[in-house]
Amino acid sequence: MTAYERQRILLRAADLLEKHNDELAALESWDSGKPYEQSAKIEVPMLVHLFRYYAGWADKIHGLTVPADGPYHVQTLHEPIGVAGQIIPWNFPLLMFGWKVGPALACGNTIVLKTAEQTPLSALFASKLLHEAGLPPGVLNIVSGFGPTAGAAIATHMDVDKIAFTGSTATGRIVLELAARSNLKTVTLELGGKSPFIVCEDADVDKAVELAHFALFFNQGQCCCAGSRTFVHESVYDEFVEKSKARALNRVVGDPFKGGVEQGPQIDSEQFKKILKYIRSGVESGATLEAGGQRFGDKGFYIQPTVFSNVQDNMLIAKEEIFGPVQSILKFKDLDEVIRRANDSPYGLAAGVFTKNIDTANTLTRALRAGSVFVNCYDIFDAGVPFGGYKMSGHGREKGEYGLRNYLQVKAVVTPLVNPAW
Ligand code: ADP
């Protein structure tokens, strides 16, 4: 298929996804419990944008001519890798589908994608729409299966040429091992995080509180890049804690299909129990429980928006990924100290910086070891912005032009300028 034909299919797919915005959003919220308004107004529109973005790339992927040292014509061809295996998680099923499928198709690959067992529906419907848009049979194959069976089968398969995985660091390690043990397929990984959100002494406290709240609580706290270590300068610390507590107590928890609801249930009982265990560990290790701390209501996997202050770096809640609505607030005195503490983590997915001072912003953005640094904003997931991790948060970048690299093979073609045989 020509690049232009691929582009047209992706554009038609974007139109169909847009037309079915509300159904896709309903499936997404039924499966995951996230607020319908979030699915309908943020996530499906972002998916549509992403398909248009990668449709734009489809006919702009080209190689180079290289000035070789010798009488040779050297060119590079950017070819599709072949069969891309893709394994996605349950926290953003549709967006993860888009981040994986969009660039892979733009580059001309075929796909076997496994959805998370908790959230199979929206990708099936989106895939149906892609076929309606003209995708030939066999190009995009969705497997609704379990990780250790279907996921592992993709990771070990000898005819899968590349694997893209998003999920926990523990499972990412397994996938990398399976790839190494089978055919050494190339692997990109987008894994866990324990991202710092740093509120500097010059911060407007009300705005900082709101953004730090969003950075942690968005999507029930189930974000790999959640700002889950809120570092606050000692000069604004007490006010910040008081106001963060008030904001958490005001967070609207409830039926995800009700208007105005900010927080739905956690994904399943396993995550629900794990989060409550982390909350108990926070209390036992001596952090101050400012808000929440219990399940919300007596039905469903709802958890009260929870805020801890006086959190110390060595507590489990400051070290491990909780993946729930639990904010940990830590105090700092100066920039060198907060840089050292923020970077003292095996993860390096994202970081937030809240300051009016450009020197502070420049210092922090360069010093923080994270794949995304958001200055006075958070969770900006525009299709063109690359996303991925340093350290144990992953390998490679998704989205943007960088995301194309995961799905292309480079072939160098060398031809003598004068054929020696003549
Ligand atoms: P979580 O703990 O957040 O559910 P996982 O990393 O276990 O995250 O899951 C992310 C994705 O990885 C899901 O699609 C899941 O089915 C898949 N998965 C889980 N275990 C394996 C495995 N052993 N091999 C391949 N994929 C797996």
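No value in this document is a laboratory result; all are computed from the given coordinates. None of these values were measured; they are calculated from a predicted model. For neighbour counting, all protein chains shown are included, and Cβ atoms are generated from backbone atoms with ideal geometry for every residue, glycine included.
What does the extension gain come out to for F257 and N362, with contour length at 0.36 nm per residue minus their alpha carbon separation?
33.6 nm
Nearest 500 deg cm²/dmol is fine: what mean residue ellipticity at 222 nm does the chain get from its DSSP H runs of n ≥ 4 alone, each adding -39,500 (n - 2.57), divided by its residue count?
Using -39500 (n - 2.57) per qualifying helix, the result is -11500 deg cm²/dmol.
Given 0.36 nm per residue, what is the gain on full extension from E401 to E337 after removing their alpha carbon distance, in nm?
Residue separation times 0.36 nm, minus the Cα-Cα distance, leaves 19.5 nm.
How far is it, in nm, from the label point at E234 to the one at H62 when both lie 7 Å from their Cα along the line to the Cβ?
Rounded to a tenth, the inter-label distance reads 6.0 nm.
Could you give the length gained on full extension between L77 and K411, defined as 0.36 nm per residue of separation minus the Cα-Cα distance, in nm?
119.7 nm
Between S144 and R280, with labels modelled 7 Å along Cα→Cβ, what's the label distance in nm to one decimal, could you check?
According to this spin-label approximation, the distance is 3.5 nm.
I'd like to compare 192-204, 375-387: which one has the highest average count of other Cβ atoms within 10 Å, and what's the full order after that?
192-204, 375-387
Picking from C225, F257, S244, whose Cα lies most toward the positive end of the charge dipole for the stretch 213-277 (charges on Cβ: Lys, Arg +1; Asp, Glu -1)?
About the Cα centre, the residue reaching furthest to the positive side is F257.
Could you tell me how far the Cα centroid of the stretch 337-356 sits from the Cα centroid of the stretch 179-225, in Å?
Answer, in whole Å: 11.
Filter the cross-link list K185/K411; K100/K162; K128/K274 down to pairs whose alpha-carbon distance in this structure exceeds 23 Å.
Distance filter (> 23 Å) returns K128/K274.
With label points built 7 Å along Cα→Cβ from the Cα atoms of A170 and S182, find their separation and express it in nm.
Calculated label separation equals 2.2 nm.
Here is the link list: K194/K356; K207/K243; K273/K299; K277/K319; K194/K319; K34/K277. Which ones come out longer than 18 Å on Cα distance?
Distance filter (> 18 Å) returns K194/K356; K34/K277.
Just to verify a number: FRET efficiency for M158 and L124, C-beta to C-beta distance, R0 = 45 Å, to 0.05?
0.95
Using the Cα centre of the chain as origin and beta-carbon charges of +1 (Lys, Arg) and -1 (Asp, Glu), tell me which of G403, I339, S144 is placed farthest towards the positive end of the dipole.
With unit charges placed on the Cβ atoms, the residue in question is S144.
Measure nothing but the geometry: give the 0 to 90° angle between the long axis through the Cα atoms of 21-32 and the longest principal axis through the Cα atoms of the chain, rounded to 10°.
Once rounded, one gets 60 degrees.
Using per-residue counts of other Cβ atoms within 10 Å, averaged over each peptide, order 58-71, 107-120, 170-183 from highest down.
On the way: 58-71: 12.4, 107-120: 21.5, 170-183: 16.3.
By packing density, highest mean first, the sequence is 107-120, 170-183, 58-71.
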